[in-house]
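Let me begin by presenting the structure, written as structure tokens, before commenting on it.
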Amino acid sequence: MAGPMNSKPRIAVLIPCHNEQATIARVVDDFRAQLPEATIYVFDNCCTDETGAVAAEHGAVVVREPRKGKGFVIERMLDTVDADVYLMADGDDTYPADRARAMLEPVLSGEADMVVGARLSEFADRSFRPLHVLGNKLVRELINRIFHANLTDILSGYRAFNRRVVNRVPIVSGGFEVETELTIHTLYYRLRIVEVQVPYRARPDGSVSKLHTFRDGARVLWKLFNLFRAFKPLTFFGSAAIVLFALGLLAGWNPVRDYFSTGQVAHYPSAILASGLMVLSGIVLILGILLHAINWRFKELHDVLVRGRQ
């Protein structure tokens, strides 16, 4: 809960790190210069170098998370840090600290519950691999269409958010797909999300990316698939039912044509296949309707429980 109306909001800067010894000192110092009133937390995620020690020397509160994966780190952040407003940035010095105030302003003013630092309009030549840009755009288009949004960067790790997000958004992902999960949960629970354009810098020399293009890209798409099925069951299963129904029509075309031409059905296998597809289409549609009703009731219960905690 926030403090009294006349008190200053408590700001926490959250920095997840895995072996960022080469950059963490500058990151902590830069955010300290921009937000002297904030508490800076560095989350040491199985670091094998001196990231934690360097961060502590520069005045950060160091929290260690033994489960390796960015999703586990963010889960620990939301569980352990008590603040009114949160600013999350990576420890690799790719996000500009001088945009911190611009990131926080929409949250502090009540305009937004979450602010995403959108990177795709301004980035250094070496900051993105070509496939990363393509993958980000693919995920963006899918989420915008499924959840009726208009976002430009889904996978950004530079975010500001308030306690409504902390109280409402569960984190179950363990890896880099957590940004996709954060975005989708924010949209699903009707929280206000806006974007602030930020430059995205290339990693400094000595800093190595932990992102694996194909493995982590597949995890992001799989997470999107599962959340689509869970949050939009009527759309998901309804679409599957339409596909099955269309396949049933195609399979049944010859048997129906034979029947009207000769009064007999000559293509029995096609007729059986068509009947099975039609029945399966109806079952899948009914399943989608039932899951949609259950999902709606769970959403109502979730909102009531959140209001009770607040």
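Computed from the coordinates by the stated procedures, all read-outs in this text should not be read as laboratory data. Small disclaimer: the values here were computed from a predicted structure and weren't measured.
Going by alpha carbons, how many degrees (0 to 90, nearest 10) lie between the helix axis of 178-188 and the longest principal axis of the chain?
70
Using the alpha carbon gyration tensor of the chain, what are the three equivalent-ellipsoid semi-axes (square root of 5 times each eigenvalue), largest first, in whole Å?
Working: eigenvalues 435, 103, 52 Å².
Equivalent ellipsoid semi-axes, largest first: 47, 23, 16 Å.
Too long at a 29 Å Cα-Cα cut-off: which of Lys137/Lys232; Lys70/Lys232; Lys8/Lys68; Lys8/Lys232; Lys68/Lys137? Before the final figure, lay out the partial values.
Details: Lys137/Lys232 21 Å; Lys70/Lys232 26 Å; Lys8/Lys68 35 Å; Lys8/Lys232 39 Å; Lys68/Lys137 27 Å.
Over 29 Å apart, Cα to Cα: Lys8/Lys68; Lys8/Lys232.
Please compute the contact order of the stretch 233-309 in relative form: average sequence separation of alpha-carbon pairs under 8 Å and at least six residues apart, divided by the residue count, as a percent. Could you put the intermediate results ahead of the total?
Details: 67 pairs, mean separation 32.4, N = 77.
Contact order relative to length: 42 percent.
Taking a quarter of the surface of the Cα convex hull of the stretch 216-301, what do you get in nm²?
On the way: hull surface 29.2 nm².
Its Cα hull, projected and averaged over all orientations, spans 7.3 nm².
Would you look at the GNM of the chain, springs on alpha carbons closer than 10 Å, and say which of Pro66, Pro233, Pro255 moves the most?
Pro255
Summing -39500 (n - 2.57) over the DSSP H runs of n ≥ 4 in the chain and dividing by its residue number, what mean residue ellipticity at 222 nm do you reach, to the nearest 500 deg cm²/dmol? Write out the running numbers ahead of the final one.
Details: 10 runs with 164 residues, N = 310.
Rounded to the nearest 500, the figure is -17500 deg cm²/dmol.
Given all pairs of different Cα atoms, what value in angstroms does the Kirkwood hydrodynamic radius of the stretch 1-101 take? Each step should come with its number before you reach the end.
Values: mean 1/r = 0.0734 Å⁻¹.
Taking the inverse mean of 1/r over all distinct Cα pairs, the stretch 1-101 comes out at 13.6 Å.
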